[in-house]
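Notes follow once the structure below has been shown.
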């Protein structure tokens, strides 16, 4: 006889927090429309501006901070919404572009350049690149021997 909440093989049945992939397992999505997540991201930006920027519009924005504000427990949950459909993907990409823009602007603020450079290289798609243009002229030198007069 099966234990309560389990089938005859001992697996958890549908609807249990620990179910093993049976139908309807997993948590329901937090956001059902892209408008909901867009509004919540706007709230996050306003919250950061008010709390950390003292109402002056200089909040400290991070992907991780946005994930926590949106109620996600992992980065993967956030990125899963990007894969959900094109509207969710558009919102997530716009938020990442907002963060890239913010970090580019931080390059001009005193004392924040190293952190901004780190973020841009790791998340913004920028790289360190140095280009050297060299103009070289190659001259052939030939040596001829002269005999000395003795």
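Remarks
- Ordering 31, 50 by the number of other Cβ atoms within 10 Å of each residue's own Cβ, fewest first, gives 50, 31.
- Highest-first packing order for the peptide set 112-123, 34-45 is 34-45, 112-123, based on the mean count of other beta carbon atoms within 10 Å.
- Exposure proxy ranking for 142, 100, 127, based on other Cβ atoms within 10 angstrom of each Cβ and starting from the fewest, stands as 142, 127, 100.
- Relative protection proxy for 59-68, 73-82, from highest mean packing down: 59-68, 73-82 (other beta-carbon atoms within 10 angstrom).
- Theoretical FRET efficiency, 1/(1+(r/R0)^6), r = Cβ-Cβ of residue 136 and residue 108, R0 22 Å, to 0.05: 0.05
No lab work stands behind these numbers, since they all come straight from the coordinates. Here the structure is a predicted model, which is why all the values come from computation and not from measurement. Note that we place each Cβ from the backbone using ideal geometry, even for glycine, and neighbour counts take in every protein chain shown.
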